[in-house]
Amino acid sequence: MSDANATPAELENQVPQTESAPPTEGTSKLLERALERLQGARKKAMDVQVVVVETSKKAAHTTDDYVHEHPWASVGIAAGVGLLVGLLINRD
């Protein structure tokens, strides 16, 4: 597998292998910077995940409230969307 397609965990597992290689000038700094960026990317991904989950839960609660307050309008909207999707699927 190429390093471009590797997951962060796989890259971290390869770090000890890199450290055992004969040292060259600047490799330790490069390795340190790579690990810092990897940890930063992981933290950002976790932050994004939290925001997406919170936003999704809020949207689900809002939708649930609307459906309970306006059941027939919700049925009409669902039927209209279903009709549109059906027409788009069956067109030639």
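Rule-based calculations on the coordinates, nothing more; no lab input. Fair warning: this is a prediction, and the values are worked out from it, not measured in the lab. For neighbour counting, all protein chains shown are included, and Cβ atoms are generated from backbone atoms with ideal geometry for every residue, glycine included.
So the values come out like this:
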item	result
Simple label model, 7 Å out from Cα along Cβ direction - Glu32 to Lys57, nm	4.0
Vicinal HN-Hα couplings computed from phi for segment 29-37 (Karplus, 6.51 cos²θ - 1.76 cosθ + 1.60; Hz; Gly/Pro x)	5, 5, 5, 5, 5, 5, 5, 5, 5
Gain upon complete extension [Trp72, Asp47; 0.36 nm per residue less C-alpha separation]	5.2 nm
